[in-house]
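Quick notes on the structure that follows.
The values are calculated or read from the model by the stated rules, or taken from the named source; none is laboratory data. Predicted, not measured: the structure shown is a model, and the values here were computed from it. Cβ: placed from backbone, ideal geometry, glycine included. Neighbour counts: every protein chain shown. Surface accessibility is based on the protein's heavy atoms, side chains included, excluding ligands, DNA and RNA. Shrake-Rupley method; radii C 1.70, N 1.55, O 1.52, S 1.80 Å.
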Amino acid sequence: MPVEFLGIAATHDGSEVTPRSGASFDKDYTLELARAHQDHGWDRVLFAYGSGSPDPSPAAAYIAARTETLQLLVAHRPNVSYPTFAAKTFATLDHISDGRLAVHFITGGNDHEQRREGDTLTKDERYDRTREYLRIVKKIWTTHEPFDHEGTHYRFHDFVSDTFPLQQPHPQVSFGGSSPAAYAVGGAEADIYCLWGEPLAQTAEQIASVKAAAQAAGRIDTPRIQVAFRPIIAPTEELAWEKAHRTLERIRNRKAAGPLSRRHPLTAPQNAGSQRLLAVAAEGERHDRALWTPTSAETGGAGNSTALVGTPETVARALLDYYDLGVDILSARGYDLLDDAIDFGRHVIPLVREEVAKRDAAREAARSAEGNADQATDEAAVRHAS
């Protein structure tokens, strides 16, 4: 199966290791980073969402108009707009981008962050709302006749859009989470299911949960699986580990100077995904081939925070371990966003793509050989019968 690489469409140069140097939306930096991804082999970039951050949709439109092939993943929280409005917004953006859009729907795992924009629902209520929201948006994208909706969270009458996505039947729907409620919603509704970087065994368990939820929802297909990491690479293993420990020290220094994020608490996170990352970190610093957890522990398991450390060859092999589990979208961003995007694109992405092509060719050859063997057996049976 093909493999895709997802990077970050940051709107400024700040990260966990350094404060931003300018405004929260730096047009020049946003475009430079996006073009670096496009020019160095990445498939798509994520425009993240935060209660006080620049709006990802116009930022994505800005990049769509100034790139040619880079695909766009726009994060969206259902609490910030009515689904009729969101469906039209994303259909329009799909046309602006010439069909390069996917949408990542965020239920919200932190009550305090949600309440910043007036969302007072409980976590279970938020998941219920997200399921309803997704179904409405997808129906608007694909329905050309007026319809009414009377649901738990949304009610409207005689609505029909005159703005439909360029992609048919609609842009891909991305979703994430590590709780049973998340598996249920994403397994039923998502085209892509997103996980944070855990050890291989735990990742396999989560993939099984997503597949079981999709089957329980009556689907004959399952969402594609995406897993996210923070790669730390260098020409030798020794240099990579020195860089990893320097990165950890930079995170600590950054924390001492002020909060890393207003969106995520550094202790006692509410969301299951962060709780799982902290549990993995408590089990040990190193897992499997290259997974390293101190960066996650230091940031409270905040989102994509577990690292893969090593030479490009080591990190590529580690990513291929996840590919072999069934992960075909690999999300990665470094700590020095621009330089790390270029280095990863130059030194890791080609190695992974080359090996995936070899594995796919080997699988195709094995299937062909199996088919030929079956045909030979059938022909032999026919000759024997005659």
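Just how far, in whole angstrom, is segment 88-120 from segment 1-61 if you go by their alpha carbon centroids? Their Cα centres are 15 Å away from one another.
Could the peptides 153-162, 246-255, 352-361, 320-329 be put in order, highest first, of the mean number of other beta-carbon atoms found within 10 Å of their residues?
On the way: 153-162: 12.3, 246-255: 16.4, 352-361: 14.0, 320-329: 18.4.
The densest-packed peptide leads the list: 320-329, 246-255, 352-361, 153-162.
State, as an integer percentage, the relative contact order of the chain based on alpha-carbon contacts under 8 Å between residues 6 or more apart. Intermediate results must be reported in sequence, preceding the final value.
Numbers: 667 pairs, mean separation 70.8, N = 386.
Taking the mean separation of contacting Cα pairs over the length of the chain, I get 18 percent.
In summary, no helical segment of the chain meets the span-like criteria, namely a full DSSP H run, a Cα extent along the axis of 27 angstrom or more and a mean Kyte-Doolittle hydropathy of at least 0.5. Taking the chain as the region of interest, the number of lysine pairs whose Cα atoms are within less than 26 Å, with members eight or more places apart or on different chains, is 9. Taking every DSSP beta bridge that has both ends in the chain, the antiparallel portion is near 20%. In this structure, the amide hydrogen of PHE229, modeled 1.01 Å from its nitrogen in the peptide plane, lies closer than 5 angstrom to those of SER331, ALA332, ARG333, counting only residues at least 5 positions away or on a different chain.
Could you work out the relative contact order of segment 249-357? I mean the mean sequence separation of Cα pairs under 8 Å and 6+ apart, divided by the number of residues, in percent.
Details: 98 pairs, mean separation 21.8, N = 109.
Reported relative contact order: 20 percent.
When Rg and Dmax of the Cα atoms in Å is calculated for this entry, the matching label among (1) 21.4, 77; (2) 22.1, 86; (3) 23.2, 73 is (2). Rounded to whole numbers, the Karplus 3J(HN,Hα) couplings from phi for segment 102-119 are 9, 10, 9, 8, 10, 6, x, x, 10, 4, 5, 5, 5, 5, 4, 10, x, 8 Hz, using 6.51 cos²θ - 1.76 cosθ + 1.60 with θ = phi - 60°, and x at Gly and Pro.
For ASP13, nonlocal amide neighbours, meaning residues 5 or more places apart or on other chains whose placed amide H falls under 5 Å from its own, are SER21, GLY22. Between ALA23 and ARG363, the simple label model (points 7 Å from Cα in the Cβ direction) yields a spacing of 4.6 nm. Extent along the principal axes, Cα only, for segment 1-159: 46, 37, 32 Å, with the longest axis given first.
Within the accessible area of segment 271-354, the carbon and sulfur atoms contribute 45%, probe 1.4 Å, all protein chains present.
Its DSSP H runs of at least 4 residues, each contributing -39,500 (n - 2.57), put the calculated 222 nm mean residue ellipticity of the chain at -16000 deg cm²/dmol, to the nearest 500.
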